[in-house]
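First comes the structure, then the notes that go with it.
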Amino acid sequence: MAETVDGAGRDNEIEASKAPLLEHLIELRQRLIYSAAAFFVMFILCFSVSKHIYNILLWPFVNVVGAAQAKTIYTHLLEKFFVDIKVAMFGAAFLAFPVVAIQIYKFVAPGLYKNERAAFRPYLVATPLLFVLGAAIVYFIAMPLLVRFSVGFEQVGDGTHATIELLPKVSEYLSLIMTLIMGFGISFQLPVVLTLLARAGLIDSTALITGRRYAFVGIFAVAAVLTPPDAISMIIMALPTCLLYEASIWTVKWVEKKKADTAAAGES
């Protein structure tokens with residue numbers, strides 16, 4: 001009889017554990033649907049103005065060579081069409097990110113304490129701001145420098161030598177600037193990542209200071225992977241990231257001070 005009661009108890013526990021799991025899966029599906037819907041709406045919007053978005057991305061090239069001399073080409077029939085699709089997806093990812101971030105927060109927030117939710121919110125703001133900062137460095141500094149460097153290899157024909165002219169393909173230019181924006185945007189998340197790790201107790205400011213030289217070597221190695229194979233782009237990415245690493249040390253110290261103050265207040 002006791003075994004029957006124990007068996008029924010175990011079945012009840014299993015059923016009780018299934019209910020929260022199903023609720024979480026339903027909640028996750030709802031958040032994914034909202035995120036996908038936001039991306040789809042932004043994709044349609046961006047695709048309708050993809051020509052204007054691409055012209056904005058072309059500004060670093062046009063600004064260096066001049067509007068009269070700026071020319072890009074495409075070499076197969078559907079290349080520009082696929083470029084417009086990539087531009088629309090790129091713009092949709094940018095514009096839909098706030099909605100996606102809010103959906104992630106709403107899914108995670110119920111499982112956090114009130115103070116944890118308050119600590120999590122600044123990162124929702126810092127992440128897109130740092131990404132935009134990285135993209136702005138690409139747009140106003142890295143790409144113009146890279147275009148000037150590339151234009152320096154042009155050659156004017158004089159009857160003896162052939163004319164060598166820079167005519168970038170629309171798809172290759174888009175791939176280059178998207179790669180740089182994504183690379184800079186991701187590398188500029190370093191303060192967010194390190195501060196989160198400090199809050200979790202996985203790192204401290206002493207470890208960051210001790211490992212500074214190794215971190216700088218790693219930053220230059222990652223920059224070499226995320227940027228095109230030229231020293232200019234690598235240096236332009238690596239130097240601000242090194243500065244962000246130094247800023248991360250201060251933010252981690254601030255987190256440690258806050259934790260120490262909280263612990264002292266709890267003891268008193």
Inset, instruction - Go through Ile177, Ile141, Ile137, Ile164 for me and flag whichever is in contact with a strand residue (DSSP E or B) (Cβ under 6 Å, 6 or more places away or on another chain) and outside the structural domain of Pro98 (by TED's automatic domain parsing). - result: Ile164
Inset, instruction - Output the residues belonging to region 110-135 that are of a type in the set (Gly, Ala, Ser), surrounded by 13 or more Cβ atoms within 10 Å (Cβ to Cβ) and farther than 15 Å from Arg199 by Cβ. - result: Gly134, Ala135
Inset, instruction - Return yes when Gly218 is in contact with a strand residue (DSSP E or B) (Cβ under 9 Å, 6 or more places away or on another chain) and either over 15 Å from Met143 (Cα atoms) or among the β-branched types (Val, Ile, Thr) (or both) and no when it is not. - result: no
Legend entry - Candidate set: region 111-127, residues that are in contact with a helix residue (DSSP H, G or I) (Cβ under 6 Å, 6 or more places away or on another chain) and free of Cβ contacts under 8 Å to residues at least 60 places away in the same chain; chosen: the one farthest from Ile186 (Cα to Cα): Arg117
Legend entry - Options Ala93, Ala88: the member that is among the small types (Gly, Ala, Ser), at pLDDT 95 or above and under 21 Å from Val170 (Cβ atoms): Ala88
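From the list Val192, Val151, Val147, Val156, which one is over 22 Å from the mean Cα position of the chain (by Cα) and buried (at least 18 other Cβ atoms within 10 Å of the Cβ)?
On the way: Val192 fails: over 22 Å from the mean Cα position of the chain (by Cα); Val151 fails: buried (at least 18 other Cβ atoms within 10 Å of the Cβ); Val156 fails: buried (at least 18 other Cβ atoms within 10 Å of the Cβ).
Criteria check complete, one pass: Val147.
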Inset, instruction - Answer with yes or no whether Phe61 is in contact (Cβ under 8 Å) with a residue 24 or more places away in the chain, under 27 Å from Ile141 (Cβ atoms) and either part of a helix (DSSP H, G or I) or among the small types (Gly, Ala, Ser) (or both). - result: yes
Inset, instruction - Determine which single condition Ile26 fails, assuming it passes every other condition in (1) touching a residue at least 24 places away in the same chain (Cβ under 8 Å); (2) in a helix (DSSP H, G or I). - result: (1)
Inset, instruction - Could you tell me which residue of region 66-90 is surrounded by the most Cβ atoms within 10 Å (Cβ to Cβ), considering only residues that are in a helix (DSSP H, G or I) and touching a Phe, Trp or Tyr at 6+ places or on another chain (Cβ under 8 Å)? - result: Val87
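The values are calculated or read from the model by the stated rules, or taken from the named source; none is laboratory data. No experiment lies behind these values; they were computed from the predicted model shown. Heads up, the Cβs are rebuilt from the backbone with ideal geometry, glycines too, and the neighbour counts pull from every protein chain shown.
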